[in-house]
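To start, the structure itself, in structure tokens.
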């Protein structure tokens, strides 16, 4: 009997829709990622959230929004710990379901194409999950934002924190999740790419900026060049309470020079 091969025996078990749905967390087409996240993948299979086949209705989003609005203590904690403000959360359609913050993913026409489920508490479970049948996309869809300058950030939590402070931010679902075709959605924009301060984030920022160059005026900033611990935009905003767009512009200029040198 021959040895088990990832390409021959394991990779065919994951359909393209499975790979797409989980790109925000890990790459099911990569042996290294599957090996690293084997326990997490097994847990998703056991709990029935993989494969992503079950449908979900738009009405659930409305119900989840109502549930979140009735949790003032949670809203206060999210404001204190994450810098999230309820008007921004409401505008983005965030809700609450079984202890997780729900984040809708919509297409150009505003139709629901997926839901991300964020765990705001510190647990051993994955911070972000995709609801069954979700199809990943930029959040919010770029056509909903008319700002000429866009901040493209790593993950919806950073996007929510940025929008709560008035920054025109759009989230890539994760450092693995960027798809080259999304660059066209930002055509004509000035796009500042801000990923986390770690090797994965910096690698993703370079890849994203290269894809954007043909369509937009793209630049990369590194909020903490001397760090490699995942320091992110939420951390920066919490460290700079009341930051304005002008403050971010100052960071942009210095950090961009470093990124391009």
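Annotations
- What the Kirkwood sum gives for the range 142-260 is a hydrodynamic radius of 14.0 Å, with every pair of different alpha carbons counted.
- Among 200-212, 115-127, the order from most to least packed when residues are scored by Cβ within 10 Å on average: 200-212, 115-127
- Residue exposure sequence - 98, 227 - by fewest surrounding Cβ within 10 Å: 98, 227
- With neighbours defined as other Cβ atoms within 10 Å of a residue's Cβ, the residues 26, 6, 167 order from fewest to most as 6, 26, 167.
- Inter-probe distance in nm under a simple model that places probes 7 Å from Cα toward Cβ, at residue 7 and residue 206: 2.6 nm
- In the range 142-260, Cα pairs under 8 Å separated by at least six residues give a relative contact order of 25 percent.
- Order of 97, 235 - criterion: other Cβ atoms within 10 Å of each residue's Cβ, fewest first: 97, 235
- Available extension along the chain between residue 240 and residue 108 is 44.2 nm, counting 0.36 nm per residue and deducting the alpha carbon span.
- Of all DSSP beta bridges in the range 142-260, antiparallel share, percent nearest 5: 5 percent
- In this simple spin-label approximation, residue 215 and residue 36 carry label points 7 Å from Cα along the Cα→Cβ vector, and these lie 2.6 nm apart.
Quick note: the coordinates plus some simple rules give every number you see, no bench work behind them. Since we're looking at a predicted model, the values are computed, not measured. Here the Cβ is made from the backbone with ideal geometry for all residues, glycine too, and neighbour counts use every protein chain on show.
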